[in-house]
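The values are calculated or read from the model by the stated rules, or taken from the named source; none is laboratory data. Worth saying up front: this structure is predicted, and the values here are computed from it rather than measured. No Cβ is skipped: glycine too gets one built from the backbone with ideal geometry, and neighbour counts run over all protein chains shown. To get the accessible areas, we keep the full protein, side chains included, count just its heavy atoms, and leave off ligands, DNA and RNA. Shrake-Rupley method; radii C 1.70, N 1.55, O 1.52, S 1.80 Å.
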Amino acid sequence: MMGGIVGFLLLFIPLLIQQGQNLALLDINALQNNITLLFENLITHFNWSKSTMEQWLSNINVLDILNLKTIPEMLNSFLSTIGSFGAGFFSVIFISFFFLKDSKLFEQMILTMVPDNKESRVQNSMDTIKNLLSRYFIGLLLQILILFIIYTIVLLIFGIPNAFMIALLCALLNLIPYVGPVIGFFLMTFLTMTSNLGSDFSSIVIPKTIYVMIGFLIGQFIDNNLSQPIIFSKSVKSHPLEIFLIIIIGGFLFGVTGMVVAVPGYTALKVILKEFLAENKIVKSLTKNI
């Protein structure tokens with residue numbers, strides 16, 4: 001676990017250092033010109049209304065957008081967040097170490113709080129949940145790996161800088177159901193366009209961006225028609241409509257976190273209900289495949 005965490009950090013730290021150096025040498029006027037150039041190219045290529053867009057561009061001031069007075073507040077907030085995250089993270093690592101060292105510790109803690117006549121049912125539920133969620137998370141890792149490989153190949157073919165980082169971020173965003181792929185699509189499109197601002201817009205930037213967008217959509221097509229059906233139908237054994245509704249409800253109640261944990265939480269709940277309410281008509285209908 002620690003090796004994976006350290007490797008993940010080492011992957012991101014060089015990019016953060018590079019971006020920090022770029023920020024220290026930031027030329028506001030050059031940034032203003034690049035933003036203006038991008039919009040002017042879009043206006044020319046798509047024949048948009050120049051009067052409205054040019055008036056809007058003339059009112060844009062990067063100094064207003066990048067309010068330097070907020071930087072100290074952002075740094076304080078960032079450091080506070082890092083401190084809280086660090087304390088929670090190392091607490092989780094410390095507790096996880098002992099759970100991994102004694103794999104039965106968590107089960108024993110639960111079983112001590114359960115009446116003797118229900119102990120076997122709780123044990124069966126935990127074994128089933130462990131099996132289903134293990135398959136689910138292995139499937140998610142495979143899903144991310146497939147998308148990462150596809151995105152990396154697409155970005156490398158068209159010479160996009162930081163291809164591995166962009167591919168990894170967009171693949172990880174896919175963990176957020178429905179919303180994540182949309183964010184990843186716009187992120188990859190934007191980074192592709194901004195990485196080629198010095199080139200001819202009509203003959204290089206637009207075609208390259210379109211090809212990258214097509215590559216992204218191919219990855220999503222493979223994911224939606226191969227990876228996700230295997231994960232949802234084979235691992236958690238739930239109907240796609242069930243998954244959709246549970247994710248929507250989880251997102252409505254708990255935001256992005258709810259969308260991420262909705263499927264494993266729903267799977268655990270179904271296993272428990274089947275073990276203790278197996279004769280209930282609704283439970284029997286929902287858990288017939290488990």
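A compact table of results
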item	result
Using θ = phi - 60° and Karplus 6.51 cos²θ - 1.76 cosθ + 1.60, couplings along the stretch 154-161 (whole Hz; Gly, Pro as x)	4, 5, 5, 4, 9, x, 7, x
Computed lengthening from residue 137 to residue 204, 0.36 nm per intervening residue step minus Cα-Cα distance	20.1 nm
Cα-based convex hull volume of the stretch 127-231 per residue, rounded to whole Å³	80
Extension gain from residue 226 to residue 93, taking 0.36 nm per residue of separation minus the Cα-Cα distance	44.5 nm
Tensor-based shape of the stretch 73-184 (alpha-carbon gyration tensor, a/c under 1.5 rounded, otherwise prolate or oblate)	oblate
Probe 1.4 Å, all protein chains present, accessible-area order of 190, 254, largest first	254, 190
Segments 93-102, 227-236, 167-176 sorted - mean Cβ within 10 Å per residue, highest first	167-176, 227-236, 93-102
Relative contact order (%) - the stretch 188-290, alpha-carbon pairs under 8 angstrom, separation at least six	15
Over 21 Å (Cα to Cα) - which of 237/270; 237/284; 118/234; 234/270; 130/288; 104/270 fall in this group	118/234; 104/270
Gain in span if fully extended, residue 248 to residue 5, counting 0.36 nm per residue against the direct Cα distance	84.4 nm
D (Stokes-Einstein, µm²/s), Kirkwood Cα radius, the stretch 208-290, 0.692 mPa s at 37 °C	227
Calculated over the stretch 199-240: convex hull of Cα atoms, volume per residue (Å³)	56
24 Å Cα-Cα reach of residue 208 towards lysines, excluding residues that sit fewer than 8 places from it in its own chain	none
Relative contact order of the stretch 127-231, pairs being alpha-carbon contacts under 8 Å that are 6 or more residues apart, as %	33
Value of relative contact order over the stretch 237-289, rounded to a whole percent, pairs C-alpha under 8 Å and six or more apart	27
